[in-house]
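Read the structure below first, then the notes.
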Amino acid sequence: MKNAVIGLTIAIISFTSFSMNNGHNADHGDQQTQFKKFQSDGITLSDFHARASIGRNKNSGIYGKIQTLKTERLVSISTSFASAAEVHEHINNGGVMRMRKVEGGLTINPSQPMVMEPGGYHIMLVGLHQQLIAGGLIDLMLEFESGPILDISVPVVSVKKIHH
């Protein structure tokens, strides 16, 4: 009986740990931090990653690179992990850096890939439904003006990995 209780306790702890890490075992978190390049309809997505939550902050960012074979416009973004997903940019306004939502979509030119990174263009997750935990994955849907809708899984990485 004692062994059955110990076994059940271990199973419950393992399941709880698995659930709290967005369905990914914390022991394998480093394996989830690499985004596999995704290609479809002349669009290539690479190096995508989401920033893990900082404290109780209800917002986060997603970074990555988009390359296209022809001029394209990213017109819509969504995820089940936040109330809204928007393209934002940082601008220098009289010596003060400010962040603002990009209205009307984001144009990507084939001669210049769109690199989304901290301090520049990025996808802003607004109103997170839960904390993003390093090692987990989140769903992201990107819709382009010419028709492609790309559904991807984005790894969540720690703030330390983003800044190094």
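The values are calculated or read from the model by the stated rules, or taken from the named source; none is laboratory data. Computed from a predicted model, the values in this text were never measured in an experiment. Glycine also receives a Cβ, built like all others from the backbone with ideal geometry; neighbour counts cover every protein chain displayed.
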Determine which single condition SER46 fails, assuming it passes every other condition in (1) surrounded by fewer than 12 Cβ atoms within 10 Å (Cβ to Cβ); (2) touching a Lys or Arg at 6+ places or on another chain (Cβ under 6 Å).
(1)
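Residue-by-condition table, conditions (1) farther than 17 Å from LEU140 by Cβ; (2) in contact (Cβ under 8 Å) with a residue 40 or more places away in the chain; (3) aromatic (Phe, Trp, Tyr):
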site: PHE48; (1), (2), (3): no, yes, yes
site: ILE54; (1), (2), (3): yes, yes, no
site: THR71; (1), (2), (3): yes, no, no
site: ALA82; (1), (2), (3): no, yes, no
site: GLY94; (1), (2), (3): yes, no, no
What is the one condition in (1) farther than 24 Å from THR71 by Cβ; (2) modelled with pLDDT under 95; (3) among the small types (Gly, Ala, Ser) that GLY120 does not satisfy?
(1)
Can you work out which of the residues in the stretch 44-87 that are among the basic types (Lys, Arg) and part of a strand (DSSP E or B) is nearest to SER146 (Cα to Cα)?
ARG73
So how many residues does the stretch 116-164 have that are surrounded by 19 or more Cβ atoms within 10 Å (Cβ to Cβ), under 19 Å from PHE81 (Cβ atoms) and more than 13 Å from the chain's Cα centre (by Cα)?
0
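Each row is one residue, and each column tells you yes or no for (1) modelled with pLDDT of 50 or more; (2) surrounded by 14 or more Cβ atoms within 10 Å (Cβ to Cβ); (3) over 21 Å from SER153 (Cα atoms); (4) among the aliphatic types (A, V, I, L, M).
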residue	(1), (2), (3), (4)
ILE12	no, no, yes, yes
THR16	no, no, yes, no
GLN31	no, no, no, no
ALA52	yes, yes, no, yes
